[in-house]
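Just below is one structure, and these are the notes that go with it.
The values are calculated or read from the model by the stated rules, or taken from the named source; none is laboratory data. Here the structure is a predicted model, which is why all the values come from computation and not from measurement. Counting neighbours? That spans all protein chains shown, and the Cβs are built from the backbone with ideal geometry, glycine included.
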Amino acid sequence: MQNTYEPHHPWYYKLGGKALYPKQIIKEVKASGYRGYLQDEISKIDNKCEPQRSEHLNKVRSKVVEDLKNNMSIYRKCSCDLRKEREKGIANQDRYFCSDINMSMSLKHNHLYNNFAHLIYLDELIIYQLDLFAA
């Protein structure tokens with residue numbers, strides 16, 4: 001069976017798809033132009049006056065970096081668990097349902113995808129500061 005699923009879907013892993021490296025996920029995010037599920041919230045913060053704007057953007061960025069670290073750690077563990085299950089031949093014993101590890105891999109991929117999208121967007125906004133004396 002050909003794997004026509006993308007890494008955000010559990011069946012991608014069930015059908016033998018490889019776990020992507022973080023650099024590959026970042027590349028996908030950049031190519032898509034996706035801003036993450038916090039796009040609207042970040043845009044609202046970007047419309048604030050300085051210095052609140054920069055302060056809030058940096059707070060959100062710090063939170064996203066912390067989330068990224070946690071998600072990256074879990075993604076690595078899931079990747080190792082997937083490899084071990086595949087080596088043992090137990091990863092895809094059920095023909096009709098995805099195993100927990102397949103679901104976990106897709107979820108963690110999606111979390112990383114959103115974290116990277118948020119960071120890319122935030123970094124675009126943080127590199128400049130608005131005029132402190134603008135009306």
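Inclusion of Ala91 among residues that are assigned to a loop (DSSP other than H, G, I, E, B) and modelled with pLDDT of 95 or more is not warranted. Looking across segment 1-53, the residues that are surrounded by 12 or more Cβ atoms within 10 Å (Cβ to Cβ), hydroxyl-bearing (Ser, Thr, Tyr) and more than 18 Å from Leu68 (Cβ to Cβ) come down to Tyr5, Tyr12, Tyr13, Ser43. Under the condition of being at pLDDT 80 or above, part of a loop (DSSP other than H, G, I, E, B) and touching a Pro at 6+ places or on another chain (Cβ under 8 Å), the residues counted in segment 94-135 number 1. Scanning segment 1-43 for residues that are of a type in the set (Phe, Trp, Tyr) and within 20 Å of Ile120 (Cα to Cα) gives Tyr21, Tyr34, Tyr37. Quick check: anything in segment 47-67 under 13 Å from Ala19 (Cα atoms), within 19 Å of the chain's Cα centre (by Cα) and in a helix (DSSP H, G or I)? No, because not a single residue in segment 47-67 is under 13 Å from Ala19 (Cα atoms), within 19 Å of the chain's Cα centre (by Cα) and in a helix (DSSP H, G or I).
State whether the residues of segment 31-51 include one that is at pLDDT below 95 and basic (Lys, Arg). For segment 31-51, residues at pLDDT below 95 and basic (Lys, Arg): present. Selection of segment 1-46 for residues being in a loop (DSSP other than H, G, I, E, B) and farther than 25 Å from Arg83 by Cα yields Gly33, Tyr34, Arg35, Gly36, Tyr37, Leu38.
In segment 70-115, what residues are surrounded by 11 or more Cβ atoms within 10 Å (Cβ to Cβ) and among the basic types (Lys, Arg)? The answer is Arg76, Lys77, Arg83, Lys84, Arg86, Lys108.
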